[in-house]
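Asker: Please see the structure below; I have some questions.
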Amino acid sequence: MADAIPSPFVDEKTGAIRQFQTLPEKIKGEYLPDAGHIGILGVKLAMLAPMIGGMVVAAPVALGFWALSRLGVTKAVDMVHEKLLLKHKSGDFQEFDFTNPKDRNAFQVKFGAEHPTFVDEYLHLAKAANLQQVPKVFVIEQFFKKEGRATLGGLVSDYMAGTTTRPSGKDPVIMLGKGALKELDAGELRAVVAHEMTHVALDHPKNGVKWLARMPLNGIINASLIVAAIAGPLPLLPVIGVVIASNVVGRALKSIKSRHQEEMCDRGAALMTGGTGDLTTALTKIKTAMVKMKRIETEYQYRSQGLEPPKPAETSWLNRFINASHPSNERRDTLLKDFEKENPQYAAQKRGFFATQFNKAAARLAPPAQKLVSSFVQRFASNSLAA
Ligand SMILES: [Zn+2]
């Protein structure tokens, strides 16, 4: 079959991952939404320009403000990353740096019985993704405690799986909820980690800061337009219309970009692990848990005020299109299945590799721990198409 290597992503000779997305994909999913967003700002600026001496004056002023806010936003995000994650003292999470043998050992002691190969796989995946730095692992325990949410048994961040870096792309961190570590099996956890590492490899956190840094300029332009409309020269209703419409379009562009990024990271996970079904079941577990938590939280809030909680509302298609940060689980599942259909041998081979490693490690565990992982071994046995 011609499916052995999913080119152009994987090197035919070495089997190494060359890229996670093609240039046309990057243009369509990232550059075009950004260009659209900047274009909207340009149009609004052009409306404002005649009142402040034309574009000759307006453009340099706007560019200057943009540059300054980019500096400010970048600095602020960098500080949050450093204070909240790298130099945290809160005890809300446990930090593991897998490049450090001590930390590898500490993780093994805590979670090794359930995830005997996690540390090795993690390092393997970071290498496969060509990351400059191995992301630190943060196991989250009641991260949102300060917001009083821990009253619900610390459920809120239990299923979290996320990643972030400094605005420079350095010092990546992968956050995993304790519940995720408990509930996800080895294959699911591996797929989730591979997805998060693809975010790092593709500089998604860094790009997110760039988008954020345009928001102050957007706000100033909107405010100036409305002032100009109230004070005289511009017609009020059309200006309000433009401000609202540009806001909606801006959000839709951000949503399109974000959903594209998620799809690229899902494929990254499939490329790195071959485990398409694993990611789907992980996503289902995470979503079910999140929905449940949200419901418990809402109910708690209403009941604590003596009110009857409302029935959960369905999100409309349009609302999703404008606001969703992730594609629907159904779409993600379809794309993953397509990947597997196109590259059956490759997927089976990758999965086979991890399955062998896992089964070997599981066999080395002491009997009580063996019992814990036996269900995973079985899952792998039926999953490992390593033929
Ligand atoms: Zn993601």
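The values are calculated or read from the model by the stated rules, or taken from the named source; none is laboratory data. Bear in mind that the values here come from a model prediction, so they are computed numbers and not experimental data. Heads up, the Cβs are rebuilt from the backbone with ideal geometry, glycines too, and the neighbour counts pull from every protein chain shown.
Asker: How do the helices (runs of 4 or more DSSP H) wholly within segment 299-377 filter down when requiring 3 or more residues that are in contact (Cβ under 8 Å) with a residue 40 or more places away in the chain and under 30 Å from Ser7 (Cα atoms): which remain?
Answerer: 329-342, 344-364
Asker: If you check Ala269, Ala282, Ala289, which single one turns out to be surrounded by fewer than 19 Cβ atoms within 10 Å (Cβ to Cβ) and among the hydrophobic types (A, V, I, L, M, F, W, C)?
Answerer: One residue alone meets the criteria, Ala289.
Asker: If you don't mind, another one. Would you check if there is a residue in segment 123-131 being surrounded by fewer than 21 Cβ atoms within 10 Å (Cβ to Cβ), part of a loop (DSSP other than H, G, I, E, B), modelled with pLDDT of 95 or more and within 16 Å of the ligand (Cβ to nearest atom)?
Answerer: yes
Asker: Tally the residues that are away from the ligand (no atom under 12 Å from the Cβ) and among the polar types (S, T, N, Q), restricting the search to segment 159-207.
Answerer: So the count comes out to 3.
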